[in-house]
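Structure, as structure tokens:
The values are calculated or read from the model by the stated rules, or taken from the named source; none is laboratory data. Since this is a predicted model, take the numbers as computed values, not measurements. Counting neighbours? That spans all protein chains shown, and the Cβs are built from the backbone with ideal geometry, glycine included. Areas reflect the complete protein model, heavy atoms only, side chains present, ligands, DNA and RNA absent. Shrake-Rupley method; radii C 1.70, N 1.55, O 1.52, S 1.80 Å.
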Amino acid sequence: AAFVAPAVRTSFRLTQQVGGRNTAASCHRFFTVGRHQRRVAAVRMMSDGWEGKHAIFDVTNTLMELREPVGRTYARIAEKHGIQVGEEEMDRGFRREFALMDSIPYWDFKGDMQMAEAKEREWWRLLVRNVMGCEDNEAYQACFDECFDHFGTNKAWKLFPEVLPTLDTLRAKGCR
């Protein structure tokens, strides 16, 4: 499963938003499955007699998905701040820039969540600015702040219907 940079921030907020269920934990056994198969991985693990005590899930397209395409969200919010970018232009730009930028080295922060969150925000700020192709000015900063904050809330995401029952089943089996 590919690492998605906002997964750390999103999983902590998801934990608060779905009744305190811990969706990120240390892992004794890791399964790599295709993108469209990830959502059912936990159910298959349980039905196959999996007896692990911990499970870890990639958040995006495993536990939840975006309510609208990412390019549409960025274009809509950018327009509110006087920045003109198209949905397709944003989608192409994200694919291009993700390929060019280094990933966020979370392991360098040694448990310092404030440092990790600050570095993550800066990484996203640079990525989005490169995608939009605009100057780093007041309008861009306001646009970026709104976009970043939006993706950290449940307004941007929807849980897949099987997530809560699966987490409940895993918890009942002693998995954390």
Does at least one position in region 56-70 carry a residue that is without any contact (Cβ under 8 Å) to a residue 60 or more places away in the chain, assigned to a helix (DSSP H, G or I) and surrounded by 17 or more Cβ atoms within 10 Å (Cβ to Cβ)?
-> no
List the pairs whose first member sits in region 158-175 and is more than 14 Å from Met64 (Cβ to Cβ) and in contact (Cβ under 8 Å) with a residue 24 or more places away in the chain, whose second member is among the hydrophobic types (A, V, I, L, M, F, W, C) and assigned to a loop (DSSP other than H, G, I, E, B), and whose Cβ atoms are under 7 Å apart, counting only residues at least 6 apart or on separate chains?
-> Leu170/Ala55; Cys175/Ala55
Of all residues in region 79-100, which are of a type outside the set (Lys, Arg), open to solvent by 90 Å² or more (accessible area, probe 1.4 Å) and part of a helix (DSSP H, G or I)?
-> Glu79, Glu88, Phe98, Leu100
